[in-house]
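The values are calculated or read from the model by the stated rules, or taken from the named source; none is laboratory data. Predicted model, so just to flag it, every value in this text is computed and none were measured. Note that each Cβ is placed from the backbone with ideal geometry, even for glycine, and that neighbours are counted across all protein chains shown. Ligands, DNA and RNA are stripped out before the accessible areas are found, and what is left, the full protein with its side chains, is counted by its heavy atoms. Shrake-Rupley method; radii C 1.70, N 1.55, O 1.52, S 1.80 Å.
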Amino acid sequence: MEGDLRLSILGMRCAGCVSAIESALAAVDGVISVSVNFADHSAVVKGQAEPDLLIQAAKAAGFDAAVMEGFEDPSDQEQQELQRYRQLSKKAAVAGLFGLTLMVAEHLAWLPEIGSATGLWFWPEMALITLSILIYSGWHFYSGAYTSLKLGQANMDTLIALGTGSAWLYSCIVIDYYDSLPSLAKHAYFEAAVMILAFINLGSGLETLARGKTSSAIRQLIGLQPRTARVIRNGEEIDIAIELVGLGETLRVRPGEKIAVDGVLLEGHSTVDESMLTGESLPVEKTVGAKVVAGTMNQTGSFLFTATRIGRDTALAQIINSVRQAQSSKPEIARLADKISSVFVPAVVAISALTFLIWYVFGPEPTLGYAFVTAMTVLVIACPCALGLATPISVMVAVGRAAQSGILIRNGDALQTAGKLTCLILDKTGTVTEGKPTVSIIDAYADISEEQLLQLAASIESGSEHPLAAAVLAAAAERHIILEKVSQFSAIPGHGVMATINEQHVLFGNQALMDEQGVSCAGFNSRLEELSALGQTAMLLAINNKIAGIIAVADPIKNDSARAVQVLKNQGIRIIMVTGDNQITAQAIAKQAGISELRAQVLPQDKATVVKDLQLAGEIVGMVGDGINDAPALVQADVGFAIGTGTDVAIESADVVILQGSLLKLTEAIELSKATVINIKQNLVGAFFYNIISIPVAAGLLYPLFGLLLNPMIAGAAMALSSVTVVSNANRLRWMKFGQY
């Protein structure tokens, strides 16, 4: 099987599991790379490998795996997460209830002494009851630890199994050898063992619940996909499953219905809410020939459209795939955390053993009791979960938040780098400008009106496919102008066109055409220079070799481009416009947008050189373009931004795709990048700080100074809380509000 394969991994409980799964899957023939996401318990495998072999490899490493195909039902996912939360909560409740009862009874001196006549039968029964609870509430930890041991690895399960298992064994030894132990060492830790499991299961349950919220953006996107579509077959409208829709089929969409697949309008008129895909709150008007996108919501009218993309080729499917890939990708900072996590558990076991040895040799009486308690506390309090979750959970939430705003972040490194950009290169056409030339000025001279001038220009251009011709025809259509019949049409490449209309010889083109045909332009030169300085392309129309008027066509800047440029400048980013257009037009557009630096007449293949030169000068460069002509520059840049619509999400050369055409989305992407990096650092610092402080305290660092030792049960609660804290902190990104521009 070739390409990317996404697996759901069951049984992951800590960051130590990540390296174990990656190693197991990477060893399968045909695998090029593996990226395991601890935050959503998935793995993305690149290369050519049979799914069955990958599943077998995962099972051999102690984990269950399943291929994730299509779009999972969001409600099914939520139900699974809720079910897991309930299971963990039940296990926590059973362990917690027994442990709390034992603690209260012991505190109130209701329990018999271990060596007493009553204690001889009571405490062995407590040992058996505790063992049954350990098995019920902690079997998943013990089986995971055993599997890891067989593979010569260690993970969080190892720490929990060692901590709780040793507590139970030590307590049994106290019961059996009560008379042989010093008086201060005669204490059973049954309540500690079960309370540790109670806290850890509860923490895992809360983490599962909180982690489920991080995938809300994906679930919302998947939820956009309707289950059925209404197609027209044999003249009848019938409802069929979405999977049965074929390319080229005609579909009917009624008011209030979701659009099933991508397509083009054949008949009708409506407005469509595309906000979930593009972040654009205003409905978009759709007429015949307009493109519609799967998952968007039809509002007012009913229309027919033909299916152009179905299944995994739709824009919605590509968006979901892009978001998932980004959520599974690892920025550089995450790879560092993974390396630390992979050696963390063995290091903790070694510290625990060293702690036991120091207390046993140098500690006060009973040395065995102190040595055991401190070693157990070290094992329980140290958890690589928070460290392993710190980065991927923030990336997941941030990528989902970006998708809700119409920004597709394709990889984790782009998310990390976007906030560090010092220079942004903007392409002109379609990025700063609308990318659609429109008629901006109509100057009619002599005895001809503006409508008549436009009628002649549109009539003569009706057979042309030139972009400027399209602008003239669109202007005539807006005014509902009826075109005249054209004869003896002739096109002069690079100059213009000529024809006969109503027995008049009509010329329409640039000044070179007029000069070539002997038409005098005297008196119009200053107006032509003025229009050129404004960045407009002027076309002259002559009737019977006499200038009758000028029609100017311009590609106007987007209404928010100037605002976006100013915001980016305020963020300390250097803005450069690079275009293949001529210097005069480029200067006019740059001036309107508030851009002071520009490079004109730059060929597409040379834009990458411009990026490289800036990088060599020490700039961290972002390139913003349409993702096709600018592909080399987008690849060369530190972060490539593609400006497009919902149907252009498969631009492979871009790191970030702005579904909406607004440059203001760039500022949002940069804001989100900065916030995410801060969030990741908060998580990592918190996780490191927790372990740096908690492990020495658990080992007894405060005892010589203050006579304080950490209770193993408190250690279990602290360990569980650390993971919940990291997930909760990452979820703050879901509610991030972008600056008001």
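Quick notes on this structure:
- Ordering LEU473, GLY580, ALA642 by the projection of their Cα atoms onto the charge dipole of the chain, which places +1 on the Cβ of Lys and Arg and -1 on the Cβ of Asp and Glu, puts ALA642 at the extreme positive end.
- Computed [θ] at 222 nm, deg cm²/dmol, the chain (DSSP H ≥ 4; -39,500 (n - 2.57); rounded to nearest 500): -16500 deg cm²/dmol
- Charge dipole (the chain, unit charges on Cβ, about Cα centre) - positive-most of THR609, THR725, LEU221: THR725
- With a Förster radius of 56 Å applied to the C-beta separation of ILE135 and GLU237, the computed FRET efficiency comes to 0.40.
- nm² value of the averaged projected area, convex hull over the Cα atoms of the range 429-509: 5.9 nm²
- When you filter the trypsin sites (Lys or Arg not before Pro) in the range 455-527 for DSSP loop state and at most 15 other Cβ atoms inside 10 Å of their Cβ, you are left with ARG479, LYS485.
- Straight-line cross-link reach from LYS59 at under 22 Å between alpha-carbon atoms covers these lysines, not counting any fewer than eight positions away in the same chain: LYS46, LYS150.
- Space enclosed by the convex hull of the alpha-carbon atoms of the chain, per residue, Å³: 200 Å³
- Exposed loop positions in the chain were taken to be GluC sites (Glu not before Pro) whose DSSP state is not H, G, I, E or B and which have at most 12 other beta-carbon atoms within 10 angstrom. Between these positions, the longest stretch is 70-464.
- Potential lengthening between SER596 and GLN83 on full extension [0.36 nm per residue; Cα-Cα distance subtracted]: 178.8 nm
- The accessible surface of the chain, taken with every protein chain in place and a 1.4 Å probe, is 57 percent carbon and sulfur.
- Percent of C-alpha pairs per 5 Å bin in the range 674-741, short distances first: 3, 14, 20, 18, 13, 11, 8, 6, 4, 2, 1, 0.
- Using a Förster distance of 25 Å, the FRET efficiency for ASP179-MET103 (Cβ separation, nearest 0.05): 0.45
- Pairs from LYS291/LYS558; LYS420/LYS612; LYS291/LYS612; LYS607/LYS674; LYS436/LYS591 whose Cα-Cα separation, in the structure shown, is over 25 Å: LYS291/LYS612; LYS607/LYS674
- Size of the range 562-624: Rg and Dmax of its alpha carbons, in Å, are 12.0, 31.
- Ranking GLN455, ILE492, THR433 by Cα position along the charge dipole of the range 384-499, where only Lys, Arg, Asp and Glu carry charges on their C-beta atoms, puts THR433 farthest toward the positive end.
- Partner aspartates and glutamates whose Cα lies under 13 Å from the Cα of LYS681, excluding those fewer than 8 positions away in the same chain, are identified as GLU332.
- The slack in the chain from ALA477 to GLU113, taken as 0.36 nm per residue of separation less the alpha-carbon distance, amounts to 121.2 nm.
- A Förster radius of 30 Å, combined with the Cβ-Cβ distance separating GLN605 from LYS436, puts the computed FRET efficiency at roughly 0.75.
- Net charge contributed by nearby residues that have their C-beta within less than 13 Å of ALA60 (K/R +1, D/E -1): 0
- Pairwise label distance in nanometres, VAL361 with ASN570, each label 7 Å out on the Cα-Cβ vector: 6.4 nm
- Among the chymotrypsin sites (Phe, Trp or Tyr not before Pro) found in the range 489-589, not one is both in a DSSP coil and sparsely packed, with 13 or fewer other Cβ atoms within 10 Å of its Cβ.
- 3J(HN,Hα) along the range 591-608: 5, 4, 8, x, 9, 8, 10, 8, 10, 9, 6, 9, 6, x, 6, 8, 5, 4 Hz, from the Karplus curve 6.51 cos²θ - 1.76 cosθ + 1.60 with θ = phi - 60°, whole Hz, x for Gly and Pro.
- Quotient of C-alpha Rg and 2.2 N^0.38 Å, computed over the range 505-569: 1.51
- Dipole check for the chain: with +1 at the C-beta of Lys and Arg, -1 at the C-beta of Asp and Glu, and the Cα centre as origin, the magnitude is about 1740 Debye.
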